[in-house]
Amino acid sequence: MADMASSHDLFERAKRVIPGGVNSPVRAFHAVGGTPVFIASGRGSRLVTSDGRELIDFCGSWGPLILGHAHPEVVSAVSAAAANGTSFGAATRGEVELAELLCRQIPYADRVRLVNSGTEAVMTALRLARAHTGRDLILKFDGCYHGHADQLLVAAGSGLLTQGVATSKGIPQAVLDSTLVLPYNDLAAVEQAVTAHADSLAAIIVEPVAGNMGLVAPAPGFLEGLRKLADQTGTVLVFDEVITGFRLGPTTYGRLCGVTPDLTCLGKIIGGGLPIGAVAGPAGIMDRLAPVGEVYQAGTLSGNPVAVAAGLATLHAVIRDNPYPRLAELGTRIRQAVAAAGRAVHCAQLGGMFTIFFTPTAVGNKQDATRSNTRGYARFFHSMLDSGIYLPPAQFELAFVSAAHSDEDIELFLAAFGKAMQESPLA
Ligand code: PMP
């Protein structure tokens, strides 16, 4: 039953007991203004807010809900698992099945370690990379987000080959000093940095399709180039596929594009909407993890039976039903309609992921992305919300279509888009 307390009242109460009223900053709507909507329930492609409004959801909990909300098979798997005991802190059969399934779908993974979030997956992958190489330095790309571990809350400083600057207070300088930040898609810059730091570079970490500056696809040859440079210097190549894993096919983007990373970080879809993360890779690196090896990593709730059941149900469904061609078709329809509007916006899209950028020019890196008119996006977001469409409440994020979206949902999205374009003097 919908809780009928208004979003406004709930937000006022929340701010008294939760910093900023939310448990993850982007939910506070600071990027778009206004009061965040509180969600009472979700089913299929639809959300119901605490105010009793129905919205068509194109945020999908930021990626996990490829099947939509409350998919009957996921709900049934979760209910059965919960009724059977919610946590044991001991090994269970479901963990074995999920790890076996992931190794089957990702041929370059021999081993999987389950954790509780994407952040944890990345922390574990980087610790493994450092142990494997005996080196400390990490190379990341500006605009890629890899969770909120100290070493990754870093943006580009001025100029190439410089150390990054913290994107949060509370990060020790010593930690910052161990992360290099370069522009996405700039292979020449990577080549320079890798050459200069060949003896100290432990890992290159990248979103193989970037989703955290809005959608930015890898330029032709970029990922292949990273693979080559990592090989030449004995550096561990980490693909952060927390978003892209099982989003574009029933496997990783690395598998789909034919570039094999050393380690893969997963999350979101593999937990079907419950908290999970995973690191996957070859035995030669993964078996450095305790209790076999000397890299410590642990978790009271790791491999939680309810999360594992939701993940297994989701992955079995996408493998069986292959929703991917249809997701790509719906995504393409949105991209083409945005292009046809002939406004100063464009839609970057891959499969069922897309970003409507408020700039007419293509976005290939963070610097390009920041040319976007974020005030225009904010206005657009609220116009769409008024029309019953829920998009990510920030410009530099991904929107998602799910297997639960109908043709009618897409028609309604496009009608709302047309109306928003008419209303907006900025676009
Ligand atoms: N990596 C990527 C690419 C992400 O998009 C995110 C979160 N959106 C993370 C890591 C962190 O995952 P989590 O929020 O589950 O810690």
Neighbour net charge for residue 409 - beta-carbon separation under 12 angstrom, K R +1, D E -1: -3
Cα-projected label distance for residue 23 with residue 219, points at 7 Å along beta-carbon direction, nm: 4.1 nm
Volume per residue of the C-alpha convex hull in the range 142-207, rounded to whole Å³: 84 Å³
The chain: radius of gyration over Cα atoms, expressed as a fraction of 2.2 N^0.38 Å: 0.96
For the chain, calculated [θ]222 nm from helices alone, where every DSSP H run of n ≥ 4 adds -39500 (n - 2.57): -11000 deg cm²/dmol
Reciprocal of mean inverse Cα separation for the range 172-245 (Kirkwood radius, Å): 13.0 Å
Dipole magnitude (debye, nearest 20) for the range 75-183, charges at Cβ of Lys, Arg, Asp, Glu: 80 debye
Sum of side-chain charges, residue 250 neighbourhood, beta-carbon under 14 Å (Lys, Arg +1; Asp, Glu -1): +3
Residue (of 212, 352, 381) at the positive-pole extreme of the chain, dipole from beta-carbon charges: 381
Reduced Cα scattering model of the range 189-288, Debye log10 I(q)/I(0), q = 0.13, 0.19 Å⁻¹: -0.47, -0.96
Evaluated over the range 1-48, the Cα radius of gyration and Dmax, each in Å: 11.4, 33
Accessible area per residue in Å² at 1.4 Å probe, computed on the range 156-265: 35 Å²
Inverse mean reciprocal Cα-Cα distance (Kirkwood Rh) of the range 92-237, Å: 16.1 Å
Mean shadow area of the range 224-344, taken as a quarter of the surface of its Cα convex hull (nm²): 10.7 nm²
Mean projected area in nm² (Cα convex hull; one quarter of hull surface) for the range 342-394: 4.0 nm²
Neighbourhood net charge (11 Å Cβ-Cβ; Lys/Arg +1, Asp/Glu -1) for residue 261: -1
FRET efficiency estimate (nearest 0.05) - Cβ-Cβ, residue 174 to residue 86, R0 45 angstrom: 0.70
Semi-axis lengths (Å, descending) of the ellipsoid that matches the C-alpha gyration tensor of the range 58-109: 22, 20, 10
For the range 46-115 versus the range 300-319, the gap between their alpha-carbon centres in whole angstrom: 5 Å
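The values are calculated or read from the model by the stated rules, or taken from the named source; none is laboratory data. Note that the coordinates shown come from a computational prediction; the quantities given were computed from them, not determined experimentally. A quick note on method: Cβ atoms are made from the backbone with ideal geometry, for glycine too, and the neighbour counts reach across all protein chains shown. Protein only, heavy atoms only, side chains kept; ligands, DNA and RNA dropped before computing areas. Shrake-Rupley method; radii C 1.70, N 1.55, O 1.52, S 1.80 Å.
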